[in-house]
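None of the figures in this text is laboratory data; all of them are computed from the coordinates on show. Not measured: the values here are computed from a predicted model. Counting neighbours? That spans all protein chains shown, and the Cβs are built from the backbone with ideal geometry, glycine included.
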Amino acid sequence: MQELGKIHQLIIPFFGHNLTFNLEVIIMTWIVIAILVFFGILAARKRQIVPGPMQVVGELLVEQLFGLAEETLDKEMAKKYGPLICALFMFLTLSNWLGIIPHLEEPTKDLNTPLSLGIMGFFIAHYSGIKTRGLKNYLKGYIEPFFFMMPLNVIGELANVVSISFRLFGNIMGGSIIILVVSYLTYSVVLPPFLNLFFGIFVGTIQAFVFTMLTTVYISLQVK
């Protein structure tokens, strides 16, 4: 069980203080980014009327995710936020799948990754709300239906960030704990590889989709 507590740290001195980073998460995150960039190059490099396999996968992903964005937002807003939704889903999905590969770990298993994405979605949603509705109407939403409800409305907005972040983190970390426990009990025979595939592919994809759609819904609630 020592694998869960093992953290490879990167310590950088900064004005008399030490900034500590999880080196493993940084490396895994850049691996995911590199794979996505490579996939994007392959999918868009030689676009043809009769698409190749990589172009088919890329177009299918973009088409489906843009369709979901149009249903949640509208066509005009989907053009603006569609790229964000596509990038978020593909990044989270690949991050959750990464643990299937031996000696690699999911960046989302560290709370900092889903929490950072949740905070990013929070600021994008509220910035969009202010830009679309105006500052006055935006602030007015916090005092509805009554003025004294403002603290609860603020807490509710902050709770959205905690909710989507801990949901993703909890499912990925929980899957890792189950796999480790079963591996020690069965000596890594048959069942752990199946569990690894189940939590990596199935649960990982579902959680990436849920996180992405909740972020889209939060943006929709602010701009409408």
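Values as computed for the structure displayed
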| item | result |
| --- | --- |
| Karplus (6.51, -1.76, 1.60) ³J(HN,Hα), θ = phi - 60°, over segment 203-209, in Hz, Gly and Pro reported as x | 5, x, 5, 4, 5, 5, 5 |
| Neighbour-count order for Ile206, Ile85, Ile31, fewest beta carbons within 10 angstrom listed first | Ile206, Ile31, Ile85 |
| Simple Cβ-charge dipole of segment 2-223, Lys/Arg +1 and Asp/Glu -1, about Cα centre, in debye nearest 20 | 480 |
| Per principal axis, descending, Cα span of segment 34-179 in whole Å | 57, 44, 21 |
| Links that overshoot a 32 Å alpha carbon limit, given the list Lys109/Lys140; Lys46/Lys131; Lys46/Lys75; Lys75/Lys109; Lys109/Lys136 | Lys109/Lys140; Lys46/Lys131; Lys75/Lys109; Lys109/Lys136 |
| Met150 versus Leu36: modelled label distance in nm, points set 7 Å from Cα along the beta carbon direction | 3.8 |
| Packing-based exposure ordering (other Cβ within 10 Å, fewest first) of Phe169, Phe39 | Phe39, Phe169 |
